[in-house]
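Structure, as structure tokens:
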Amino acid sequence: MNGPAVHEPFAASTSWRVALPHSTAAVPLARALVRTALAEREHSADSDTAELLTAELVANAVEHTSGSAPIELVVRLLPTGFQVEVHDADPAPPRDLTRPVIGMPDPWQEHGRGLLLIRTLSSSCGHRPTESGKAVWFRLPGQRRPR
């Protein structure tokens, strides 16, 4: 596991595990699931940030893995926040997710900012090997929803 170790007090958490198509159609589906999950919660992570970071992880999985095996999205509502994992069949870790990047991305390049966004906007992030490839994850802290 990469990223800071986080202790979660034992408490019931709610989670969803959904297989998504290995195509760009997976991105809006993943965003919708995250939006729906957060709408159900009194203490919630920032929905806009959660959707943005989820879209980045899913888009990276679609773009950087070959084959047609589904991508799996795991959404966990935790007592102290929210975690998203994206599972894919490629065991190679994502470049530059938990290591600082020297310099800024080229402003004229179309790619190169997704992992920077995840590192910057999440409270923690990382990756881990799985039986079928890897899982890349991020966490956001919870916050009280205004009434």
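The values are calculated or read from the model by the stated rules, or taken from the named source; none is laboratory data. Quick caveat: nothing in here was measured; it's all calculated off a predicted structure. Neighbour counts run over all protein chains shown; Cβ positions are idealised from the backbone, glycine included. All accessible areas refer to the heavy atoms of the entire protein, side chains included, with ligands and DNA or RNA removed. Shrake-Rupley method; radii C 1.70, N 1.55, O 1.52, S 1.80 Å.
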Listed peptides 125-137, 15-27, 78-90 by packing density, highest first (mean Cβ within 10 Å)
78-90, 125-137, 15-27
Net charge near Pro129, counting Lys/Arg +1 and Asp/Glu -1 over other residues with Cβ under 15 Å of its Cβ?
-3
Less than 18 Å from a label point 7 Å out along the Cα-to-Cβ axis of Ala69: which backbone N atoms in segment 129-143 qualify, by residue?
129-137
Accessible-area order for Arg95, Arg31, Arg139, largest to smallest, probe 1.4 angstrom, reads Arg95, Arg31, Arg139
Once Glu40 and Ser23 are pulled to full extension, the length gained, defined as 0.36 nm per residue separation minus their Cα-Cα distance, is 3.4 nm
